[in-house]
């Protein structure tokens with residue numbers, strides 16, 4: 001800052017520089033705010049990547065995962081004899097605090113960044129180092145005692161730290177998604193039980209098909225959610241295989257053998273996860289296959305949820321001039337100009353979440369394909385896409401369950417009446433009538449106002465007709481009644 005003189009004065013007034021601490025890197029020296037736990041590498045990353053406006057600290061699963069990796073690395077380096085207890089112990093304490101939720105606001109680099117996650121790794125190194133210094137009773141920036149790279153990042157590279165942390169973060173996030181899908185499938189199962197005896201007409205291609213119960217319809221919704229979750233769950237096995245210890249490209253260069261042998265078992269202990277080491281760390285360093293698999297499974301779940309949401313909207317359409325087979329709970333006014341209108345806003349929200357997830361799946365696929373040689377530089381985009389999709393799907397499942405499904409109502413009388421008026425009854429009696437007779441009857445009864453009455457009048461309806469149309473009556477022989 002330039003010196004300034006007072007008007008009419010003979011001397012210059014010295015301006016006090018802004019408070020901060022001087023740090024340096026290969027590009028030179030910069031002043032870092034005194035109260036910041038991050039350092040010069042994070043400062044430059046903030047200046048280079050003001051992209052999304054979303055800092056890494058907004059992804060707590062990723063922050064906790066990074067701290068867990070650094071925790072395990074410190075322990076492994078101590079066991080290998082390359083990191084003294086006077087450094088390892090405060091580093092471990094700092095990591096434990098971060099896993100517990102502290103200092104997440106200090107992870108300030110933008111989630112979208114060049115460098116394959118290097119800025120995020122350096123942000124973590126600096127925060128942990130400066131907190132460790134505080135725990136030693138020393139000021140931040142005393143990197144001669146605890147250094148972000150030489151100590152916190154010892155034996156590591158962004159290229160094995162970041163993907164490992166991403167896998168841990170995804171595992172944590174998927175646990176939350178499982179809880180969300182469990183809430184939703186439970187709500188759907190409860191409604192299936194409540195509607196077990198509510199007879200209605202099923203539809204294919206939006207046309208009347210054959211009778212079913214509303215309970216069967218909701219049970220099918222539940223089975224769909226449960227099946228899609230099982231597909232998602234199968235992707236977790238590959239996420240539990242990590243290549244920490246591989247350093248830059250998987251060869252383990254710069255990491256002691258003892259460290260390479262111990263770091264993954266120690267990480268498994270720190271996280272409580274059943275983690276194993278990649279058989280080929282070089283291959284694993286550039287392999288984004290597990291992330292593509294997770295993304296594809298999330299897409300499948302999203303498509304299923306969107307179909308359920310769309311079905312709920314159709315079934316509740318009206319409520320007086322549409323299908324109106326079910327009633328959705330009213331959660332807010334639906335129009336600024338039409339009094340009394342209520343919209344299916346929760347299912348509409350689920351549809352939009354699903355559309356976004358499908359779009360992110362394309363993004364993940366493109367980012368995975370763009371990897372080159374021994375590394376994929378686009379994992380920051382992959383992880384943000386996946387974590388956003390998982391968190392939104394988990395929230396959508398809970399909201400759909402709690403603010404929609406649990407409050408669904410049905411009036412059995414009009415639903416039963418729709419069955420009695422439908423030619424679907426004729427189809428259900430096909431085993432009793434035979435195809436030719438049934439076709440003739442369908443053509444004739446389709447002209448009648450009341451198919452049930454027409455069948456009864458012709459003596460074609462067995463006493464147990466409801467059991468027949470619902471498939472509860474077995475051993476029916478085809479042929480004329």
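Tabulated data for the structure shown
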{"item": "25 °C / 0.890 mPa s Stokes-Einstein diffusion coefficient of the range 367-463, Kirkwood radius on C-alpha pairs, µm²/s", "result": "132"}
{"item": "With Cα atoms, 0 to 90° folded angle of helix 345-369 axis to the chain main axis", "result": "50"}
{"item": "Between 0 and 90°, nearest 10: helix 214-233 axis offset from the chain longest Cα axis", "result": "30"}
{"item": "Residue-averaged 222 nm ellipticity for the chain, from DSSP H runs of 4+ at -39500 (n - 2.57), nearest 500", "result": "-17500 deg cm²/dmol"}
{"item": "Cα centroid separation, the range 192-251 to the range 380-457 (Å)", "result": "18"}
{"item": "Rel. contact order, % - alpha carbon contacts under 8 angstrom, at least six apart, the chain", "result": "15"}
{"item": "Percent antiparallel among DSSP beta bridges (both partners in the range 161-407, rounded to 5)", "result": "75"}
{"item": "Prolate/oblate/rounded call for the range 209-335, Cα gyration tensor, a/c under 1.5 rounded", "result": "prolate"}
{"item": "Proxy reagent accessibility, fewest Cβ within 10 Å first, across 188, 199", "result": "199, 188"}
{"item": "Extended-chain gain in nm, criterion 0.36 nm per residue less alpha-carbon gap, residue 97 and residue 233", "result": "46.0 nm"}
{"item": "For volume of the Cα convex hull per residue in Å³, calculated from these coordinates, the label among (1) 129; (2) 139; (3) 213", "result": "(3)"}
{"item": "Rounded tilt (10° steps) of 257-271 against the dominant C-alpha axis of the chain", "result": "50"}
{"item": "Under the Debye formula (equal points on every Cα, no solvent term), log10 I(q)/I(0) of the range 32-154 at q = 0.11, 0.14, 0.16 Å⁻¹", "result": "-0.32, -0.52, -0.68"}
{"item": "Range of Cα positions in the range 91-250 per principal axis (Å), largest first", "result": "78, 34, 25"}
{"item": "Hydrodynamic radius by Kirkwood, which averages 1/r over all alpha carbon pairs of the range 96-172, in angstrom", "result": "13.2"}
{"item": "For the range 163-221, the fraction of alpha-carbon pairs in successive 5 Å shells from zero, as %", "result": "4, 18, 15, 13, 12, 10, 8, 8, 6, 4, 2"}
{"item": "Residues 31, 364, sorted so that the one with the fewest Cβ neighbours within 10 Å comes first", "result": "31, 364"}
{"item": "Neighbour-count ranking [beta-carbon atoms within 10 angstrom, fewest first] of 200, 341", "result": "341, 200"}
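Rule-based calculations on the coordinates, nothing more; no lab input. The shown structure was predicted, so the numbers you read here are calculated from the model rather than taken from an experiment. FYI the Cβ positions are ideal-geometry reconstructions off the backbone, even for glycines, and counts take in every protein chain you see.
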